[in-house]
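What follows is one structure encoded as structure tokens, with my remarks underneath.
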Number of protein chains: 2
Amino acid sequence: MIAGMHTTQDDFYVRNHGNVPVIDETLHRISVSGQVSRPISLSLNDLKSRFERVSVSAVMQCAGNRRADLFSVKPVSGDPWAPGAIGNAVWTGVRLKDVLESAGIMCVGETHVVFAACDDCEAEGKRFRYGVSIPASKALSGDVLLAYEMNGEVLSPEHGYPLRVVVPGYAGVRSPKWLASIEVRDKPSDNHMQQREYKLFPASVDEASADWENGTTINDMPLNSAICEPNDGATLCAGPVRVAGYAVATGTSVARVEVSSDDGVTWTQAALNVEPSTPWSWTLWTVELALPEGTHELSVRAWDSAGQTQVSQVADVWNFKGYLSTAWHRITVTAQ
Amino acid sequence: MIAGMHTTQDDFYVRNHGNVPVIDETLHRISVSGQVSRPISLSLNDLKSRFERVSVSAVMQCAGNRRADLFSVKPVSGDPWAPGAIGNAVWTGVRLKDVLESAGIMCVGETHVVFAACDDCEAEGKRFRYGVSIPASKALSGDVLLAYEMNGEVLSPEHGYPLRVVVPGYAGVRSPKWLASIEVRDKPSDNHMQQREYKLFPASVDEASADWENGTTINDMPLNSAICEPNDGATLCAGPVRVAGYAVATGTSVARVEVSSDDGVTWTQAALNVEPSTPWSWTLWTVELALPEGTHELSVRAWDSAGQTQVSQVADVWNFKGYLSTAWHRITVTAQ
């Protein structure tokens, strides 16, 4: 069930890799260093007073959203997320671009913007502070925010108070909460979260054989869609049934959403929510299907403006880490 | 068979919708009008002398590339192109952006850049000059060229001499040859080529039921790949066989190419050509498969940097106009 175009903080999924740090906003400072001509250190008040306040409506989603579907092929590591590791919010803060330019960012050849956060994580027997990076081209696009509000409210501790990064279009892992510092340099972050998590491998690779240097770093998220209403396993009254959900595209836009009750032999086109949105928002959709008595499998797939669509079979996107689960989303309902 | 990273003019596919106009370069002028503060008329010499000369390596492909595959589901209209309605070239000319800015382009709300060409076309019993449009955001991206050279040679008449538009990433239809004029306005071109061709419809729509207002205008081209060597139907020596072809992505980049000889149960990863290229070039790939005696179906699929891949079944992308044929490309070979 989707409550609306924007997801409240309470309803928004929470995926943290460590603790929820307790931060005193009046003492917290964000440093900007590395390949910059004027290294700076900014308080929250500095950020709010020195840079333009901007808002963007954007999806935040875990790269593991819909991972649960992959278990039907064979087990994967990670939390078995249903299609709910996603939300859409209006994020408010300042442009990362403006902050980087005020520090005099110098881009020479390959350049990356490295974020360090305040949460303590643990992996492979080591403790470390969360950190990731994004390419400078994305960081300077004007779309990336250092955000202090979500839907007009101060960020809650679970969502990164007092300041988080919001990288629209990218997997949630690249949008760290509790931001501590920013460094500009010539290669991606060395952090475990950048180097040993959130990479995509072919189906033939497993934990033991994974060459992490050769996985595809997950940044842009793929075209995807899901049925959020009715619930999987629901029992309904036979007759007209409202089916609803979301679709997301990155770089392109959602052009069409289709629902099938006969495993893709025929499709019914859904109505797309026409509420004005940014290129980074999700598209909500609804369709009414006439379901006779019996058990039905419903499938959904989205098409984007480049004529791309989702694959039908889960096996075709399976990977041992369980990322980017984008096959047709299927639910089973019983009409009586 | 792909000769190399760049396709010569002689080898490059030719898809025209009318005649090949004979144009005297010394008399030809390009006008820029509509929502501009300074309408201008430019000779070829003006273009070459007043604007920066730039080159971009980019794919040009017909939206009907690989259409032949769709006939296995049911017939479609249009030429039954094999995977050869595509080529990659270094295009040289001037930035459309520079020309539009010199004319003082005014973007207010929705803005489109309309191209009129010199070729005479005929459709639905009417004769007209070829014309299409692209959104102003794309026209002003800096990537779109008014090109007068292809791989360092003057354009041949078949490829648009003396001047053509090159819109990297878009379907070939949006890159008119024999450019005559440019108009900036608040809606897309009214031309038949824009309104009644090159739109994508669901599989349930046919010629009679098509509502052309509701089709998806084909601009950005989807992720695709094809096997170019060996030829479909070839007889080979059993043992190691070299398989090669191309992959293309738009907005994202090609991250992985895989070839299967068992209908996708297992895949072998291809080596990608690492020659430096622009985001608009194709990616060439090769792989060696050990084929025992017998008949084999080989399939290829590409993955992009956003973890998107191609669908397996032709039926899932079938549309009555036969555009954007992107299911796994399959060929049959006999090893003996």
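Worth a mention:
- Applying a threshold of 26 Å to the alpha-carbon distances of A:K48/A:K199; A:K97/B:K199; A:K177/A:K199; B:K48/B:K187; A:K138/A:K187 flags A:K48/A:K199; A:K97/B:K199; B:K48/B:K187 as lying beyond it.
- Long-range amide H partners of B:Y130 with built H, under 5 Å: B:A117, B:D119, B:C121
- Karplus 3J(HN,Hα) series, Hz, for the range B:153-163 with 6.51 cos²θ - 1.76 cosθ + 1.60 (x for Gly, Pro): 10, 4, 3, 6, x, 5, 9, x, 3, x, 8
- For the range A:247-259, the Karplus equation 6.51 cos²θ - 1.76 cosθ + 1.60, evaluated at θ = phi - 60°, returns couplings of 9, 9, 9, 10, x, 9, 10, 6, 9, 7, 10, 10, 10 Hz by residue, with Gly and Pro reported as x.
- Net charge of neighbours whose Cβ lies under 13 Å from the Cβ of A:Q61, counting Lys and Arg as +1 and Asp and Glu as -1: +3
- Projected label points at A:Q313 and B:S37, each 7 Å from Cα along the beta carbon direction, are separated by 6.0 nanometres.
- Distance between the range A:70-96 and the range A:24-59 - C-alpha centres, whole angstrom: 26
- Over chain A: Rg over Rh, Cα atoms, Kirkwood Rh: 0.99
- Computed E for B:L236/B:T266 - FRET, C-beta separation, R0 22 angstrom, nearest 0.05: 0.65
- Cut-off under 5 Å, modelled amide H: who pairs with A:L200 long-range: A:T216, A:T217, A:I218
- For B:L236, distant residues with modelled amide H under 5 Å away: B:T334, B:A335, B:Q336
- Computed E for A:E52/B:V108 - FRET, C-beta separation, R0 22 angstrom, nearest 0.05: 0.45
- Summed side-chain charge close to A:P176 - residues other than A:P176 whose Cβ falls under 9 Å, Lys, Arg +1, Asp, Glu -1: +2
- Straight-distance crosslink candidates among aspartates and glutamates, where the alpha carbon sits under 13 Å from B:K74 and sequence neighbours closer than 8 are dropped: B:D206, B:D316
- Applying the criteria of a DSSP loop state and at most 15 other Cβ atoms within 10 Å to the GluC sites (Glu not before Pro) of the range B:199-288 yields B:E207, B:E213.
- Distances in nm from B:D79 to the matching label points in the other copies, shortest first (labels 7 Å along Cα to Cβ): 5.3
- Averaged over B:215-225, number of beta-carbon atoms from partner chains that fall within 10 Å: 4
- B:E213 versus A:S156: modelled label distance in nm, points set 7 Å from Cα along the beta carbon direction: 4.5
A short reminder: the numbers here are calculations on the coordinates, not readings from a lab. Nothing here was measured: the structure is a model prediction, and the numbers come from that model. Here the Cβ is made from the backbone with ideal geometry for all residues, glycine too, and neighbour counts use every protein chain on show.
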